[in-house]
Structure formats: structure tokens, C-alpha cells
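The next block holds one structure in the form of C-alpha cells; read it before the comments.
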Amino acid sequence: MVKYGFSYFGNRIPKYVKKDLLDFKKIGFEIVLHTFSENDFLFYKDTMKRIVSDSKELGYEVWLDPWGYGGIFGGEAFSGFLQNNIEESQISNKEERLGSVCLNSEKFRNYMKEWIKSCKAIGADKIFWDEPHFYIFEPYNRYPEEFSCRCDTCKKNFYKIFNYEMPTKFNEDIKTYRNIVINDFLKEMTNFAKGLGIDNIICFVPEEAYETGINNYEQISSLKTISNIGSDPYWYGWNKNVQEFVGKSCNEIKSLSIKYNKDSHMWIQSFKVPEGRENEIEDAVIKIKESGIENILFWGIRGCEHISSISSDNPEKVWNIITQIIKKDKN
Ligand SMILES: [Zn+2]
């Protein structure tokens with residue numbers, strides 16, 4: 001039986017969160033992903049503890065997301081760490097300081113471990129590693145003409161591995177190097193979490209987008225520390241055909257999940273849904289169910305009407321469609 005879930009953010013007032021959670025429970029949702037950004041970590045820890053506790057009490061499976069953390073995860077959230085530790089940022093091949101931390105930064109890795117410990121302290125047992133990536137250049141065609149990270153640590157590490165100085169022009173070794181770094185980072189973080197008894201769930205950017213630094217899903221999917229793998233093929237955003245784009249992601253994830261004996265999940269775009277195309281959400285659900293993926297999640301609630309930068313054109317219609325799909329499935 002498929003489990004349905006949603007992401008929840010933008011409200012840190014426990015009594016209203018609880019009201020929402022109750023309403024969504026009645027629809028048939030079973031998983032709630034709470035974003036747990038640097039802002040939440042610093043200013044809302046006990047509030048989040050209450051929110052997690054209420055979620056569990058209502059019977060939800062709870063996932064926590066390092067939303068926008070260090071500028072290396074997905075999410076509409078800023079990094080306070082970077083603001084206070086600008087010297088830990090990624091550096092481009094054009095010597096530009098970038099708005100994401102270097103994945104090799106010891107100081108950041110320690111800061112991330114403090115966050116993992118606080119996930120445990122507030123009662124969560126599942127972490128959702130949300131689209132881990134190197135700095136993404138905008139507009140998108142700047143990569144690989146421009147790439148990161150060419151900070152002093154990375155230059156030293158690159159030399160140790162390849163025995164020549166890190167070039168300023170992109171080549172295959174840089175691609176390999178970035179993949180090594182992001183794998184090493186995720187291995188260390190998921191291992192630390194696992195040591196605290198926390199399950200690790202990972203969500204890959206679709207289409208093996210090399211700009212993230214991850215060259216293939218397989219290496220990370222094979223990690224023993226990871227129990228659930230997935231992706232978020234947001235077809236409206238990528239301007240793709242729903243069946244093809246979602247179908248391709250489902251096939252990739254499902255085959256890896258079988259090969260490495262992992263649970264799997266898939267996200268459905270429920271933000272920035274264009275007027276008149278709301279029904280494609282149902283096409284996506286059908287595609288995912290056909291693939292045998294066990295967990296279907298919606299980003300986010302009520303068509304994201306509460307976050308104007310990514311709200312759907314007709315959020316109410318989006319939410320009605322989602323609600324009907326789940327009610328039909330669960331009854
Ligand atoms: Zn670096």
C-alpha cells in the first residue's frame with residue numbers, strides 16, 4: 001500500500017500546525033516532512049520539538065530536512081553559517097566567492113553534526129537529505145565554464161588525488177573530484193546520523209544533473225547508511241512532459257532500490273502549478289504507482305499558496321485534486 005506525505009514549512013505556531021496536521025491526517029496522509037533550516041535550528045529548536053512530538057502523536061512518520069543548509073541543500077532558506085563564516089565558502093574557478101559552503105569545510109561538517117544531534121534531541125528518527133549539491137550557477141548555462149570548488153583546501157586535495165595542480169578549466173578529473181567530495185560528505189554525515197540511530201533518506205536532483213557534483217545515483221544509493229532513495233522530477237519546472245519525466249525518474253530510482261534493497265520515494269510538484277494543467281498531478285501519481293515506488297509525497301501543502309514566490313496559479317484546485325486522489329486511494 002502506497003504511503004502519502006507532504007512537506008510542511010512557513011508556520012512555526014504549534015497550535016496552528018497541529019490543526020493542519022489533524023486536517024491532513026483525515027485526508028489519509030501518513031508522512032510529514034518538516035523543514036528544519038538553520039533558522040529553525042538556531043531560533044525554533046524547542047518549538048520544533050513540540051511540532052515533531054505532535055506529529056508523532058497523531059501517527060505521522062516524521063522526516064526532517066536540512067532546508068537550504070549551508071547553501072548546499074534544496075530550499076527557500078538562507079545560511080547563517082555562511083554569513084558568519086564567509087571564509088568557508090566555495091570558490092569558483094574565476095576566484096569568485098560563492099553562496100554555498102565548501103563541502104570539505106571541517107567547520108561546516110562539525111556544524112552539520114550539531115544539526116544532526118539536534119534532530120535526535122527533538123525526537124526525529126529520519127533525516128531527509130534534500131537535493132545535496134555544489135553551488136548552482138545562474139543562469140544555468142554558466143556550468144561547466146564556471147565551476148567550484150577551487151578553494152585552498154580543494155586545491156590541496158585535488159593535488160593529492162591527481163598529482164597535478166587543479167586546473168582553472170573544467171576537465172574530467174574535476175568532474176571526478178567533485179563526485180568524490182560530495183560522496184565523502186554524504187558518507188560522513190549519514191554515518192554520523194546512523195550512529196545516533198537515525199535513518200537516512202536521500203533525494204536526488206532528477207536527470208543526474210552533473211552540476212550538483214553527483215555523477216551517478218548508484219554510488220550514493222549503495223551506501224549502507226542510507227535506507228530510502230528518491231527523486232523530485234518537477235516536470236512543470238523543468239518544462240518536461242509529465243509521463244516521460246516522472247516515468248524516467250521512477251525507473252531509475254526503482255531499479256536502484258531493488259538492487260540495493262532500499263525503500264523508495266518520489267516527490268510530486270505541487271508548487272508553481274500553471275493554471276489549467278493541474279490534472280497532470282494525477283498523471284504523475286499514476287506513473288509512480290505503476291513503478292511500484294512505495295512513498296509518494298507532495299511539495300507542498302495547499303498548492304503552496306502561503307509562499308508567494310512559488311505559489312501555484314490556482315492553489316485551491318491543486319489541493320482539491322491531491323485530496324481527491326488520496327481519499328479515493330485510501331477508501
Ligand atoms: Zn573547497
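No lab work stands behind these numbers, since they all come straight from the coordinates. All figures in this text were calculated on a predicted structure; none of them were measured in a lab. Positions of Cβ are backbone-derived with ideal geometry, glycine not excepted, and every protein chain shown enters the neighbour counts.
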What are the extents of the Cα atoms of the chain along their three principal axes, listed from largest to smallest and rounded to whole Å?
63, 43, 38
Quick one: which residues, 5+ away or cross-chain, put their amide H under 5 Å from the amide H of residue 61? H built at 1.01 Å from N.
31, 32
Pairs 3/240; 169/254; 156/262; 26/126; 224/289: which exceed 32 Å Cα-Cα?
169/254; 156/262
Quote the charge dipole size of the chain about the Cα centre in Debye, to the nearest 20; the model charges only the Cβ of Lys and Arg (+1) and of Asp and Glu (-1).
900 debye
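Using 0.36 nm per residue of separation minus the Cα-Cα distance, give me the extension gain between residue 47 and residue 110 in nm, one decimal.
20.4 nm
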In degrees rounded to 10, the 0-90 angle between helix 242-259 Cα long axis and the longest Cα principal axis of the chain is 70 degrees
Grab the eigenvalues of the alpha-carbon gyration tensor for region 227-331, scale each by 5, take roots, and send me the semi-axes largest first in whole angstrom.
24, 14, 12
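Quickly estimate the mean residue ellipticity at 222 nm for the chain, helices only: each DSSP H run with n ≥ 4 gives -39500 (n - 2.57), and the total goes over all residues, rounded to 500.
Value at 222 nm, helices only: -13500 deg cm²/dmol.
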Suppose we look only past 18 Å in the calculated P(r) of region 227-282. What percent of the Cα-Cα pairs does that tail hold?
35 percent
At q = 0.20 Å⁻¹, what is the base-10 log of I(q)/I(0) for region 98-215 according to the Debye formula with one equal point scatterer per Cα and no solvent? Please give it to two decimals.
-1.14
Going highest first, how would you order 130-142, 286-298 by mean Cβ packing within 10 Å?
286-298, 130-142
Can you give the translational diffusion coefficient of region 273-331 in µm²/s, computed by Stokes-Einstein from the Kirkwood radius over Cα pairs at 25 °C and 0.890 mPa s?
204 µm²/s
Share of Cα-Cα pairs in region 177-268 beyond 20 Å, in percent?
36 percent
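Too long at a 29 Å Cα-Cα cut-off: which of 45/94; 15/120; 120/187; 194/259?
Long pairs (Cα-Cα over 29 Å): 45/94.
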Pairwise label distance in nanometres, residue 83 with residue 307, each label 7 Å out on the Cα-Cβ vector:
1.8 nm
Using the Kirkwood radius built from alpha carbon pairs, what does the Stokes-Einstein equation give as D for region 12-79 at 37 °C and 0.692 mPa s, in µm² per second?
264 µm²/s
